[in-house]
Every structure is written in C-alpha cells, then in structure tokens.
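The values are calculated or read from the model by the stated rules, or taken from the named source; none is laboratory data. Values in this document were obtained by computation on a predicted structure and should not be read as measured data. Every residue, glycine as well, gets a Cβ built from its backbone with ideal geometry; the counts of neighbours run over all protein chains shown.
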Amino acid sequence: MDRNDAPAYPVGLRLAGRRVVVLGGGQVAQRRLPGLVAAGADVLLVSPSATPAVEAMADAGEVRWERRRYTPGDLAGAWYAVVATDDAAANAAASAEAEERRVWCVRSDDAEAATAWTPATGRDEGVTVAVLTGRDPRRSAAVRDAVVEGLRDGTLVAPRHRARTPGVALVGGGPGDPDLITVRGRRLLAEADVVVADRLGPRDLLDELPPHVEVIDAAKIPYGRAMAQEAINDALIQHARAGKAVVRLKGGDPFVFGRGMEEVQALAEAGIACTVVPGISSSISVPGAAGIPVTHRGVAHEFTVVSGHVAPEDPRSLVDWAALARLRGTLVLLMAVERIGAIARALVEHGRDPQTPVAVVQEGTTAAQRRVDATLATVGATVAAEGVRPPAVIVIGDVVALEAGRA
C-alpha cells in the first residue's frame, strides 16, 4: 500500500509536561495553542511575530515565545511539533528535522508531507470527540459538530457504565417549548433513571425518554389535584438513595417561584447531592415570544417580577403594591390570572395610570400561545371575557405598546 493511501492511526497524545514546539504565530497557532495549553504541554513558540491573541498567551506565561525564525535544532527534545509558518522553505526544513528526530509533526501548508494530522475535536462532559476524514477537513468538522451536539442535547445517548454518585439534578425546563431547555438540562434528562415532572415543564421531552425511565407526575394543577411538596421531597430522596439518577424537571427556572430551594434544602438535610441547572424563566421568555421586551431604551430601565398567587389585600402577601405602583418600569406578574382584577385596582389606587398598557400571554412559547391586550382599567374584565386560563404571564407597562421596527 502506498504510504499516502494508508489511513491515519488515531491516538490520544498525553502531552502534560512534555515539550511541544509550535513554529509560526499566526491564525493556525491561535487555533492550536489553547488545546495544547489545556493538555498541560510545555509549549515553545518560535516566531518573529504573533497575533494579538497568541501574544496575550505568551504575556500570561501560558507559552514560551522566542521572537525569531526557525533554525535547525529547534525540535530537539520535542515530543510533538506544529509547523505553521508562512515560509515554505522553513516548513520543509522543520518537517525534515522532525522526521530525522522521530518527532510527530503537523504541517499546515502540506498535509501530505506531515507525519501527523490534527483531527477536528470537541469536548463534552469529559468525552473528547476527534474526527479524521483524511483530506476533507470540512467534513471532519461537520461530523465532529454533529456528534458533540448530539451528546450535549441528549439526542445521542451514551450512558455511563461506571458507577455514578447517586443524586438529584434540579433542572429548569424553561417556559414550555422543548427547544428552550438548556443543553445541560437536556443531557441530564437523557441520562435519568427517574424523572419527577411538573405540569409546567416541557412535557414533549417526556416522550423522548427511554421506556425504562420512571416518570413521576408532580403536577400542581391550580385549584385541582396536587402532589404535596413533602411527597415530592420524599420521592426525590428515596429514589436517590436507591442509587438512581434523578431529575426534578420544573418549568421555567427552579428558583423563580418554583419552590426549588425547598427541595434543595430537603435534599441537603437528607445528605443527598443536588445539582441545580438554571432554566429560562417565563418572566422574560414569554413576553419576548409575544414580541414584548421587558426593557427598552428610553422606555423602561427596570423590570420587576412579582408573584400574584395571593391578592393585594391578603394578609399573607409580601408585596409592597404601593411601591410597585410608583415604579416607572415594567411589571411582570406570574400566577396572577385569577387575581389580576384586584391587582390592577390596587395599582391604580396607589397611583399607576389606569391607561397603562397590559398584555396577558397564555401558554407562552407553545403552539397554544395567545396574547390578549388591555389596560389596567380593563384587564380584569378582559381576562374574564376572553376566558384566559393559567399558565399565563401578565406584562404591565409602556413596553407592551412597542411594535417591531420602532427604534
């Protein structure tokens, strides 16, 4: 077989503490140096000049930089070399020296003359993906990206076979659209043995779970059946103690009116490890999906998120409605559909303009999303007349009146 036709033999180099020589300080070095530094290599850069990024690495002491051109002998003691200068003769000479010294050498200008090729690499959760497709680097990068993305979003399931530390992942699932869960959250969901799911979590993701995954319904349907918080805590603890990988899938963000901290505290008291994965809160994502920015230059310099699950006159309320009425920015209400009439009256009584625009966005980010507009003076009657039901996010403020295209 011709040497040039033989496939490359893949291998992972352990370069920590070993000398690596990089010739040339241009764009190739800028791409390769971070990986070499991350591998712990003792990097010597030989180049009369360098890009600002490469120079910054040298200034930070991550690499040693000798500001000169290549000279024979530079590869002495090296385990690996990257030849990437703009001088073809120097590249050929360095490549010949590498061959003589039996140093594996990558060449940016002539892959056929190199003794090593750099694969397209990506990393995720301790897994390194390296792809070689011979003379088609673009295909290598495309395959690499597909594999890494699959690992990250859970579409490429690769279960761990070594022992895992039992624990619970408290995952914010976002506002409802399954595509809006975080990459880490989706990956943990794909690795779960048990999923304790809320009604407001991204339900479509449950259909993707393998048959062996136990799904526990922790739906807290307003004014209907509900799984007591204590029962949820007990379920998380019991399954984690049984050695299961448990995901508590919640809507929005676990710590934005999600009672997530109560679950974290219960797990801590039980000695159960807990990972918190933030989620996209409906307080900003649902208005955005409905075309409403919660802030806008010259219109609103702040936004306040408030729970409306108790009425303003209720002695259990912790909200200073009078102070909120004096604010000029955006007010975002969650869990407020049933009490929006009372809330609107309280804001008007404390000085907020009754003509302040209001938008009610039901089932935000899902296929069932709809938006109902009103004012503080009319929102109570409008919500009742339109039959708006939870879950819905209510936005109060001048940002509601903004239209696309306005500067």
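Couple of notes before you dig in:
- Inside the stretch 72-86, residues that are farther than 22 Å from Val37 by Cα and touching a helix residue (DSSP H, G or I) at 6+ places or on another chain (Cβ under 9 Å) make up a count of 2.
- All positions within the stretch 49-71 that are over 34 Å from the mean Cα position of the chain (by Cα) and in a loop (DSSP other than H, G, I, E, B): Ser49, Arg67, Arg68, Arg69, Tyr70, Thr71
- Condition met for Val299 (surrounded by fewer than 19 Cβ atoms within 10 Å (Cβ to Cβ) and in contact (Cβ under 8 Å) with a residue 60 or more places away in the chain): yes
- Residue that is modelled with the highest pLDDT, among those in the stretch 299-318 that are aliphatic (A, V, I, L, M), more than 14 Å from Ile340 (Cα to Cα) and in a strand (DSSP E or B): Val305
- Within the stretch 362-382, tally of residues that are in contact (Cβ under 8 Å) with a residue 24 or more places away in the chain and within 31 Å of the chain's Cα centre (by Cα): 7
- Looking only at residues of the stretch 322-344 that are among the β-branched types (Val, Ile, Thr) and assigned to a helix (DSSP H, G or I), we find that the one that is surrounded by the fewest Cβ atoms within 10 Å (Cβ to Cβ) is Val337.
- Residues of the stretch 266-284 satisfying the condition of being of a type in the set (Gly, Ala, Ser), in contact (Cβ under 8 Å) with a residue 24 or more places away in the chain, out of contact with any Gly (no Cβ under 7 Å at 6 or more places or on another chain) and part of a helix (DSSP H, G or I): Ala266, Ser283
Every residue, every condition in (1) farther than 13 Å from Ala113 by Cα; (2) in the same structural domain as Ala41 (by TED's automatic domain parsing); (3) among the aliphatic types (A, V, I, L, M), yes or no:
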| site | (1), (2), (3) |
| --- | --- |
| Ala60 | yes, yes, yes |
| Thr71 | yes, yes, no |
| Ala93 | no, yes, yes |
| Glu99 | no, yes, no |
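- Residue in the stretch 347-359 that is crowded, with 17+ Cβ neighbours inside 10 Å, closer than 22 Å to Gly251 by Cβ and touching a Leu at 6+ places or on another chain (Cβ under 9 Å) present: no
- The stretch 74-95 - residue that is part of a loop (DSSP other than H, G, I, E, B) and touching a Gly at 6+ places or on another chain (Cβ under 8 Å) and, of those, surrounded by the fewest Cβ atoms within 10 Å (Cβ to Cβ): Asp86
- The residues in the stretch 348-407 that are touching a helix residue (DSSP H, G or I) at 6+ places or on another chain (Cβ under 6 Å) and either over 30 Å from Pro202 (Cβ atoms) or in a helix (DSSP H, G or I) (or both) can be counted, and the count is 8.
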